[in-house]
Structure formats: C-alpha cells, structure tokens
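Where a number appears in this text, it was derived from the coordinates with a stated rule and is not lab data. Please read these numbers as outputs of a predicted model, since none were measured by experiment. No Cβ is skipped: glycine too gets one built from the backbone with ideal geometry, and neighbour counts run over all protein chains shown.
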Amino acid sequence: MEARYAFRKSQLLDECQIAPEMFEQVIPRLYSFMKPFVKTFQGQTADQHAKTYVCGLLSDVERKNIESIAYRFGQSRLPLQGFIGWDEWDDAPLRHELIGQVKTHLGQADGVLVFDPSGFPKSGRESVGVARQWCGRLGKVDTCQVAIYLGYVSRKGHTLVDTRLSLPQAWTQEKARLDKAGVPKACRGYRTRHQLALEILAKHGASLPHGWMAGDDEMGRPYWFRRRLAALGERYMLAVPSNTMMRDLETAPPEYSGRGRRPQRPWQSVAGWSQSLADEAWRRIDVRDGAKGPLVVDVVKRRVVSRTHRRQQGDEELVVVIRDRDRDHQQVVKVDYSLSNAVPETPLRELARVAKAEHRIEACLQRSKSEAGLADYEVRNWTGWQHHQTLSLLATWFLVRETQRGKKMDACHNATADSSGHRGDLARGVSVRHNVADVGRTPEALAAQ
C-alpha cells in the first residue's frame, strides 16, 4: 500500500512540474489585458509604469511594494514611486473599464453584489485613515486602515470591482492631517462604512446586473441599512450577529387571558431560536461543489420581525439560518444567520446560494492579498493608496480571467489544448509568481517575444 502511495505521489508531483515556457506566455497576455485600461494615459511612460506595477504585483517578489517591484525588473524606484505615490493620473477610468469587463464576462441577472469590509494592519499615525479600530484580519482592535470592498458574484465567477477607504471620525476632525495626507475636500466628511457602501451602490448598482445584495454581519447589523436597501428596491440578504433579537411570526402568540393588552410573541435571539428547532424543521441542501467536496448545508427559513436599535419592532423580514457540516455531513462546524426582504416563497436553494456568495468575496480578498499584493503597499497619502488599490484590483481581475481561460483549455476548442498537467494548474488560476521573469529580464523584453 505504501509503495503504491509513493508511486502515485511521484506521478502527482511530476504533473505539478510546469514548463517555464508556459509562464513566459503569461506576460504578453498580461500586456494585452492592460491595453484597454491604460489607453487613457497621456504618454508611454505612464503606460509602461502601470504595466510594470501590475506585473510586479503578480510576480514572485516577497513584499510587493514599490521598491521591490522596481528592483525586480531592474528599474530605479523613484519614477515608479512617483507614478504610484503622487502623480495626478485619474484612476476612475480604469475602475470604469473594470466594471464594464466584469459585466461582460460575469454578468448575470441573478448576480450578487457583496459588500465586505477589510482591514490592513499598519503602524504609525501618518498613513491616511490609520487609527485604532477593529481589524478583522487580526481579530481584534489594533492600529490599521479599513476599506469597504464591493465584489460581484455570479455562476460564472467572482471578483472585486471597487473600494472606498474608511476615514475614522478622528481623522475628519483634523484638517492638518487631512491636508498632509492629500485627502480631497469632497471626501473629508465623516461617513460610516454603510454610507460608503451606499455611495458605491449608487455609482455602480445600475452598471452591474444583479438580483441580490449580500454582506457580512457587520453590514447586516444596522436595521436602518437594511431598510435603506429595501427603499432603493434592492433585494438583500445580509448576515447578522447571533444575538440579533427577533419574533417568529409563524408561531402562535401566547393565549389571551381576556384582560389587558394582548400578549406578544416573545423576543428571542436568532441563535437561541434556531437551536430550539426540531430536526424536521431543517432541510439539507447540496449547494455546489466545493474545494473539498460537495458543499452540503442545513437550511431553515421563517417569517420574522427583528428589533430595531430603539428596541422597537421592525418590518417583516425573512430569517435564514444555514448550518455547515463537516465532510462526513455528521457534525455542524459553522452556523450563519441572515435577514432578507425576499418573499417567503423564495426557494431554500436560492437563499443558500446567495448566503454563500459572501464567502466567495472573502476568498477573493484573501487571494488578492496573497497573490495580487492588495495589502503589500507602503504609501501614506490618499493618492498613493487609491492608485495601488486600483492596480491591485486589475491584477486580481487578470487572475480571474486566467482562471476562466484555463477552464476553457480543452481539445474541443479551436485553440491548441494544453497538457492535462498544465490544465489543472490553470484551472486554479495562473499566478505570475512562478518565476515568470528570469533574472535580468524586464517585462518589456518578455512581452516582445
């Protein structure tokens, strides 16, 4: 048995060996990918800086900051530092082009717009937006920057499409810090992360086809935010904390004694309520194929009203509780609670699909940070942060497009099929980290091949 295992392991390792020539082909594809994004730049220098920076974000450098990227390709750091840090080029057209491409390649009528805050641990107090605040990446309050991200999820794929930096209230009250960090006057007023999310929605909601809004329990906690989405005509499904108080409208109210006010249904935490349900109340659903096998969950939905921040009864909503099970489907390993304004007749399978969309964006953020340098920046001012984030979003989108390209590489297509060993890696998404550029070779030289 051990001998057969060793032989099979050797075969698998051989399949993982990918010819260097394959990755050299990625750079020209990356340059072609960047053409529609950099067409707004005035001059070839900015064009080349943008391409070099995105290539560096996808490269094998350990820390994907400006200095490391410049040295990786044998360039001086100052020109690239100026391009990212303080040159006055507008990144809005690049994000607009990104939105258009995501709509074209991933857009579906039942797509899901997902808002997800993400923190970046930072030291000091000079970097724009840095303050002691909750950092989800660290799981505690610490010195960090926090941004709100918009992701798009459909059956065709998922990616990040836009972001806004959250300025803590203390920052908005110090004009000198704002001036030093170069924060535009239009962005200096204090706005909560939910208000930033509504701004992003107002800008891009009509451009991205979708049937749902989703987000984590930080986004779903405020009652006013859910009501605002409903007023905008958005169908939402937002995670909420386990201690969210609600009344089950599908249970009979306490019997009336005939004296005084009629008794109301009791307030219950959503966690306590779900734990009291009988086994037959849950329905097991195979949502989709996951990385470790079928994603099987238990789902229950019920008409409820939740308690507002003023301890009053809110509007009717739908509570959805999803229990994730282990690979053997025996033990519950995680429970998610959500509130939605969807109609009660909405199928459980559809509700489970939307709830899991938020997890897709969490994975996308993790991929962006680990493979596209999203968190590997050392800029301090507003302009540098915006420029880095935009180019990192493009690098992430390139990985998504490469993943789609890998899935299409098959003998039935007109293009020449790659080997099975190559195809498996491409299907996971090619990263240019695998020694794409040989030592001493610039991205321009590889692109010219």
For this session: Go through the range 79-85 residue by residue and turn each phi into a ³J(HN,Hα) via Karplus (6.51, -1.76, 1.60, θ = phi - 60°); whole Hz please, and just put x for glycine and proline.
Result: x, 5, 5, x, 4, 7, x
Problem set entry | For Val299, net neighbour charge (Lys/Arg +1, Asp/Glu -1) across residues whose Cβ lies under 9 Å away | +4
For this session: Please give the residues of the range 347-371, grouped as numeric ranges, whose backbone N is less than 13 Å from a label point set 7 Å along the Cα-to-Cβ vector of Arg283.
Result: 347-353
Problem set entry | Inverse of mean 1/r across different Cα pairs in the range 208-276, Kirkwood, Å | 14.4
For this session: Go through Lys64/Lys140; Lys122/Lys356; Lys122/Lys180; Lys103/Lys203; Lys51/Lys356 and tell me which ones have a Cα-Cα distance over 23 Å in this structure.
Result: Lys64/Lys140; Lys122/Lys356; Lys51/Lys356
Exercise. Please report, for the Cα atoms of the range 60-164, the Rg to one decimal and the Dmax as a whole number; what are they, in angstrom?
Worked result: 17.2, 47
For this session: For the range 101-253, just the Cα atoms, rotate onto the principal axes and tell me the three extents in Å, largest first.
Result: 55, 47, 28
Problem set entry | 15 Å cut-off, amide nitrogen to a point 7 angstrom out along Glu126 Cα→Cβ, residues in the range 73-88 | 85-86
Problem set entry | Estimated vicinal HN-Hα couplings, Hz - the range 398-404 in sequence order (Karplus 6.51, -1.76, 1.60; Gly, Pro = x) | 4, 4, 5, 5, 5, 4, 5
Problem set entry | For the range 95-188: relative contact order, % (alpha-carbon pairs under 8 angstrom, 6 or more apart) | 27
For this session: Extending each Cα 7 Å along its Cβ direction at Glu67 and Trp134, get the distance between those two points in nm, one decimal.
Result: 3.5
Seminar exercise, completed: Within the under-15-Å Cβ sphere about Gly384, not counting Gly384, Lys/Arg +1 and Asp/Glu -1 give a net charge of -3
Exercise. Please state the equivalent ellipsoid semi-axes for the range 289-400: what are the square roots of 5 times the Cα gyration tensor eigenvalues, largest first, in whole Å?
Worked result: 34, 22, 12
Seminar exercise, completed: On the formula 1/(1 + (r/R0)^6), with r taken between the Cβ atoms of Glu378 and Ala252 and R0 of 56 Å, the FRET efficiency rounded to 0.05 is 0.35
For this session: For an R0 of 30 angstrom, estimate the FRET efficiency from the Cβ-Cβ distance between Glu345 and Arg262 and round to the nearest 0.05.
Result: 0.55
Problem set entry | Computed E for Asn243/Gln108 - FRET, C-beta separation, R0 35 angstrom, nearest 0.05 | 0.50
Problem set entry | the range 45-113: relative contact order in percent, alpha carbon pairs under 8 Å with at least 6 residues between | 21
Problem set entry | Over the range 145-233, volume per residue of the alpha carbon convex hull, in Å³ | 121
For this session: Describe numerically, in nm with one decimal, the distance between label points set 7 Å from Cα along Cα→Cβ at Gln44 and at Val141.
Result: 5.5
Exercise. Distances over 14 Å make up what percent of all Cα-Cα pairs in the range 133-195?
Worked result: 66
